[in-house]
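Structure record follows, encoded as structure tokens.
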Amino acid sequence: MSAQVSSQSINQVLRRVPAWPVYLLGAVPLALIVLQVVMGELGADPVKTLERALGEWGLKFIVAGLCITPLRWATGVSLIKYRRAIGLLAFFYVALHLTTWVVLDLQFRWAEIGADLIKRPYIIVGMIGFTALLPLAVTSNNLSVRRMGAAVWQKLHKLTYVAALAGAIHYMMLVKAWPLEPMLYLGAVIGLLAWRAGRSWRRSQGSVVTAQTAK
Amino acid sequence: MKRDAGKLGWSDVTPKPLWLNRRALMAGAGALAVAAPGLLRAQVKPLSPYSTDALMNTLEDITSYNNYYEFGYGKEDPKAYAQGLTVDPWSIVIDGLVDKPGTYDLADVIKGQTIEERIYRFRCVEAWSMVVPWNGFELAGLLNRVGVQPGAKYVYFETLVRPEEMPGQTGASLEWPYREGLRLDEAMHPLTILATGLYGEDMPKQNGAPIRLVVPWKYGFKSIKSIVKISLVAEMPQTTWNMQNPREYGFYSNVNPEVDHPRWSQASERPLGGGLFGGRVDTLMYNGYADQVASLYAGQDLSVDF
């Protein structure tokens, strides 16, 4: 009871907090990265460090976005109003990550980039993730929600799951041996998706039961 | 056994060192010219015909960006966690098909060998590269001294196992000890050295102190660090990365732009030291040492013997 009250009061407070500060906060990692670039503090392999940092922030925002609904289920606290900002930040970092790869890492060597896109599973998986994010970024505005209708829009935005899985697998595939960090991301994504799957499975079972008892 | 700053270390073996030492570097302007941000040009012409005249990476880059899983996965981990490694006393077990097997103290291993500077290109399997001024001696010199018996076909190496000083060894990232191997003709090649230092200083701990292998035409992981065992054997030995993933890492692991790693291309590489816009260059066959080593592999299908 008291937990419910406190989540309600949190939601009440949040009602007065607009979403735009999330964009500002989300830009802080980029600002810090740019500062490191300017100060020459990215280490011996700055391209890789930059690429990795941008990709990891993309994944962090994707995972954060995936947490919002389960958080509401578990605690009643609703951060749904901030989800668009978090999603767009994820796209923004992933797009910068991809740009870094093309411009600074591969240096517009299109033949190699083309070969990678066809031959390299981790590049293919990464590109699947980015491609899945594209329509989500394009439709992350009120006009699109109105035009598409909430149901279609929500269905489309299930592509987030594809992007999250692809992003985490992409990270796992490019490392040697089994370092901890990519496993944590992959574990988080799988856990958050499994939570959803479990819940909708239980609900479908539950709805069958209620339908039967109603009869 | 503490070494004073002024005393001689493992890289200071007679005859008179031919390398440019760090004191000279620090003394300054006359010794080195900064040729590009993060890259250095040796003002003294490299004395060994085996040295490249390519721009060298800085001591800072060479000692702060390492793959040494015994100290963790991260490139910065070895510098952070290797400093507690005890490298004195140090001995190497030399056994197998040799005339004079035994446990050799490091001073004994080095005895009679000519330590010289070798400025080598270093190409990591992860598609980045550096240029490193090693100090070392030819492995052939040591093998000849201990006497290779006729049946020996391969040389097997092991890295130290000491989890209390090597925190990465408490995890199961790789199977310890780290193992490497060379075919005997590769081991006897004059380019193949045991390095005891770089930039004229004792080998930094994160780079494989006190003594490591350097085989410049192979991917970096072949150049095993902190060696405690050298065995002459008849059969191709097991090697760590090949055990970890035989499809991705072959026994030979020669630098070859035409044979890709299954997960990424080896056609080009990022030479470190050029900063964010340092660029990418085509990878050279045998890392640029084709003239010296291509004949070792005549008749071999390099896509099979990768």
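Throughout, read-outs are computed from the coordinates displayed, never taken from laboratory work. None of these values were measured; they are calculated from a predicted model. Cβ coordinates were reconstructed from backbone atoms using ideal geometry, including for glycine residues, and neighbour counts include every protein chain displayed.
Here is how the numbers come out for the structure above:
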quantity	calculated
For B:Tyr104, distant residues with modelled amide H under 5 Å away	B:Ile92, B:Val93, B:Ile94
Förster-model FRET efficiency, 41 Å R0, B:Arg162 and A:Val138, C-beta, rounded to 0.05	0.15
Amide proton proximity set for B:Val215, modelled H, under 5 Å, gap of 5+	B:Ser223
Angle in degrees between helix A:83-100 and the longest Cα principal axis of chain A, rounded to the nearest 10	20
Degrees between helix A:159-174 axis and first principal axis of chain A (Cα, 0 to 90, nearest 10)	40
Karplus (6.51, -1.76, 1.60) ³J(HN,Hα), θ = phi - 60°, over the stretch B:155-172, in Hz, Gly and Pro reported as x	10, 10, 10, 10, 8, 3, 10, 7, x, 5, 10, 10, x, x, 7, 7, x, 10
At q = 0.09, 0.10, 0.13 Å⁻¹, base-10 log of I(q)/I(0) for the protein assembly as shown (Debye sum, equal scatterers on each alpha carbon)	-0.74, -0.87, -1.27
Folded to 0 to 90 degrees: helix A:2-15 orientation relative to chain A principal axis, Cα	60
Surface/4 of the Cα convex hull for the stretch A:58-215, nm²	12.3
Per residue Cα convex hull volume in Å³ - calculated over chain B	132
